[in-house]
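A.B. asks: Just passing along the structure, written as structure tokens.
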Amino acid sequence: MTEMPSTLAHTSSGGDERPLVLHLIYRFDTGGLENGVVNLINHLPAFRHAVVAVTEITAFKERVQAPGTQFIALNKPPGQGLWLYPRVFRLLRELRPAVLHTRNLGAMEFQLPAWAAGVPLRVHSEHGWDVNDLGGISRTNQRLRRLYGPGVHRFVALSRAIETYLTGPVGFAPERVLRICNGVDTTRFAPSADVPVAWPYRRGEHLVIGAVGRMQAVKDPLNLVDAFLQLRALCPADWPRLRLAMLGGGPLLEAARERLVSASAADRAWLPGDRGDVATLLPQFDLFALPSRAEGISNTLLEAMACGCAPVATEVGGNPELVQDGANGLLVPPSDSQALAQALARLVRDPALRQRLAQASLARANAEFSLQGMVAAYGALYASANLRQTPSGETPRS
């Protein structure tokens, strides 16, 4: 039996005849990509599911509620994963999934042993730009995708920008690329008048600018800290009631805290690190800020919209697909704290505009980005028999 050095919920189907979808990702930890996997598993009961992480599986797996889900960590050290191919091949032959679904470049190379193992349907998703390749300009990464891609039946792009990247610079045929946007669970993420015990601010007395995301360079949290501090000069009358809430842990968390301390603004900010109660905290935000340098389709932005927050986001990746500037939010250039501060100040000073954008975002999240629509699209893809064929060859681009 193939070695599985991780905690398993179940190691066999136990007579369950539902087709198995094997989700193979680089690391199963807190993040938007991983949250999307959790949503699919929890809302696609027509399939059995297994999660295979190239590196590790963390306690994030506790969010999976579907019984019988398997969790398998390959514990790969840094470097090329070629030596893992035989092990992945044996694992696939043992589990016999109907679908293998890899996500992003870090897991894409394992499409090769999946092709060799004869997995009937092989799917690969691209969720956003690689941290070291913002905008997808790296020729090396483009070539790697072409190298790993011939055995993939269908590529899924989460945004128009990624779709254009896959069919343009990478060179995959348009008919092999399907765009499926993320969806938000509007029953879980919704406006609420209930104030959780953990919330440190008072509704009506404080005006809260909030953010949710991992504190790392691509999310650019220090850009938001700098923009918030500029509001002291831009909105002097409102400054006493302004508050900043940034939910999420990561390598830049301490730097963000220190920058607030050095500006004598630590008492106006709440940076608690990772939280498991984001759904109850988001409705407490008045404004939602997304300062990222790159994004696919942001789960946290969709969740904030569904909670009735007025969004201010950087004009990168899939953000313009979710936020139409001036209609349901404001867009600003990336890495520009002054522009971000001015947009935030505009909404601080204009409560009518803030309310209009918040209501428009709520309506758009419910009408166009439902979780049900996303789940239905993936369910149809997984069940699609006409995709279970060897993809036609393509002429690679140099």
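The values are calculated or read from the model by the stated rules, or taken from the named source; none is laboratory data. It should be emphasised that the depicted structure is a prediction, and the values quoted were computed from it without experimental measurement. Quick reminder, even Gly has a Cβ in these numbers, built from the backbone with ideal geometry, and neighbours come from all protein chains shown. Only protein heavy atoms, including side chains, enter the accessible area calculation; ligands, DNA and RNA are left aside. Shrake-Rupley method; radii C 1.70, N 1.55, O 1.52, S 1.80 Å.
A.B. asks: How would H49, H43 rank on accessible area, largest to smallest, probe 1.4 Å? Don't skip to the answer; put the middle values down first.
C.D. replies: Numbers: H49 10, H43 75 Å².
Ranked from most to least accessible, the order is H43, H49.
A.B. asks: Counting only the heavy atoms of the protein chains, how much of W129 is accessible to a 1.4 Å probe, in Å² to the nearest 10?
C.D. replies: 50 Å²
A.B. asks: How big is the gap, in Å, between the Cα center of the stretch 162-215 and the Cα center of the stretch 227-288?
C.D. replies: If you average the Cα positions of each part, the centres end up 18 Å apart.
A.B. asks: At a 1.4 Å probe radius, carbon and sulfur cover how many percent of the accessible area of the chain? Display every interim value, and only then the final one.
C.D. replies: Values: 8480 of 16350 Å².
The nonpolar share, carbon plus sulfur, comes to 52 percent.
A.B. asks: Let me ask something else about it. So what's the back-of-envelope 222 nm ellipticity for the chain, counting only DSSP H runs of four-plus at -39500 (n - 2.57) apiece and dividing by all residues, rounded to 500?
C.D. replies: Details: 14 runs with 136 residues, N = 398.
My calculation for the chain gives -10000 deg cm²/dmol from helical runs alone.
A.B. asks: Count neighbours as other Cβ atoms within 10 Å of each site's Cβ, and list the GluC sites (Glu not before Pro) in the stretch 132-206 that are DSSP loop with at most 16 such neighbours. Can you show the working numbers first?
C.D. replies: Numbers: sites: E163, E175, E205; in loops: E205.
Qualifying residues, ordered by number: E205.
A.B. asks: Using 0.36 nm per residue, how much length does the chain from W83 to Q372 gain when fully extended, once their Cα-Cα distance is taken away? Working shown, then result.
C.D. replies: Values: separation 289, 0.36 × 289 = 104.04 nm, distance 3.91 nm.
Stretched out fully, the W83 to Q372 stretch lengthens by 100.1 nm.
A.B. asks: Same structure again: How high is the relative contact order of the stretch 288-368, given as a whole-number percent (alpha carbon pairs under 8 Å, six or more residues apart)? Present the calculation step by step, with values, prior to reporting the outcome.
C.D. replies: Working: 134 pairs, mean separation 27.7, N = 81.
Dividing the mean separation by the residue count of the stretch 288-368 yields 34 percent.
A.B. asks: Also, quick follow-up: If you take the beta carbon distance between S262 and W239 as r and set R0 to 25 Å, what does 1/(1 + (r/R0)^6) give as a FRET efficiency, to the nearest 0.05?
C.D. replies: On the way: r = 17 Å, r/R0 = 0.69.
My answer for the efficiency is 0.90.
A.B. asks: So if I place +1 on the C-beta of Lys and Arg and -1 on the C-beta of Asp and Glu, and nothing else carries charge, what would the dipole magnitude of the chain be about its Cα centre? I want it in debye, nearest 20.
C.D. replies: Values: 40 positive and 35 negative charges, 113 e Å.
The calculation lands at about 540 debye.
A.B. asks: Using only the alpha carbons of the chain, determine the length spanned along each of the three principal axes and report them from longest to shortest in whole angstroms.
C.D. replies: Over the chain, Cα extents along the principal axes are 66, 46, 39 Å.
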